[in-house]
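Worksheet: the structure to be examined is printed underneath.
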Amino acid sequence: MLQTALRFSHDLLKECVKPGDVVVDATMGNGHDTYFLRQLVGDTGFVYAFDIQEEALLSTQRRLEKDNLFNRVELIHQGHETIDNIFPTDTKLNAAVFNLGYLPRGDKSITTLSQTTLKALRFMLDKLADEGRIILVLYSGHDSGKVEKEDVLMFAEKLPQEEFSVLTYQFINQRNAPPSLLCIEKRKTQTKS
Ligand code: SAH
């Protein structure tokens, strides 16, 4: 069976994240992606995870602690648009994931927004290691999600193809606007001869 965007996001991460890597979960939510990334980077890598809601940090911490994985992780109670103050200067980013929109069963008025999403995305693209990937799961089932999705796609389709490969993954015949996925991969720098 074809995978959902969410499942596919994990496969795309698994292919590019290895032990020792430095990665970002831009939207912690209930911590599934932070947990998954922490497993992939192992005891030598590092995960920076962001969320603006305290509940997200608490449930993520609990999830990690339960399996002794609450190390090699920093949970940051700030918007991902502040990443330029957090991320170490001389470090490359191997992968990042955004799961946009609002928390299911949470406060639907607290949602990611184009402007801040794009600010974080621009910074991360600058930091991205060769063959690193940034994955965004986009939701168009609510009005602000629709706008955000359009803005993100408009930005991504203009990225220079010599530097980045940009992929979308989306079911186009389903009724309930299932999430879609965007993956931006940094192409290996060509050494000039
Ligand atoms: N829509 C997804 C879940 C997304 S959760 C689903 O249905 O499964 C999105 C998370 O992003 C929420 O926990 C929210 O608090 C967080 N968030 C919103 N704005 C943010 C920002 N600027 N920086 C970091 N996290 C943010």
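What the table shows:
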| quantity | calculated |
| --- | --- |
| Residue-normalised accessible area of the chain, expressed per residue, 1.4 Å probe, Å² | 56 |
| Antiparallel %, DSSP beta bridges [both residues in the chain], to 5 | 40 |
| Contour minus Cα-Cα distance for Gln170 and Gln53 (0.36 nm per residue) | 39.3 nm |
| Within the accessible area of the range 106-165 (1.4 Å probe), percent carbon and sulfur | 51 |
| J(HN,Hα) series, the range 169-175, from Karplus relation 6.51 cos²θ - 1.76 cosθ + 1.60, nearest Hz, glycine and proline x | 9, 7, 7, 10, 10, 10, 6 |
| For Ala96, distant residues with modelled amide H under 5 Å away | Val24, Arg133, Ile134, Ile135 |
| Residues whose placed amide H lies under 5 Å from that of Ile76, excluding near-sequence neighbours | Ala49, Phe50, Asp51 |
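The values are calculated or read from the model by the stated rules, or taken from the named source; none is laboratory data. Not measured: the values here are computed from a predicted model. Areas reflect the complete protein model, heavy atoms only, side chains present, ligands, DNA and RNA absent. Shrake-Rupley method; radii C 1.70, N 1.55, O 1.52, S 1.80 Å.
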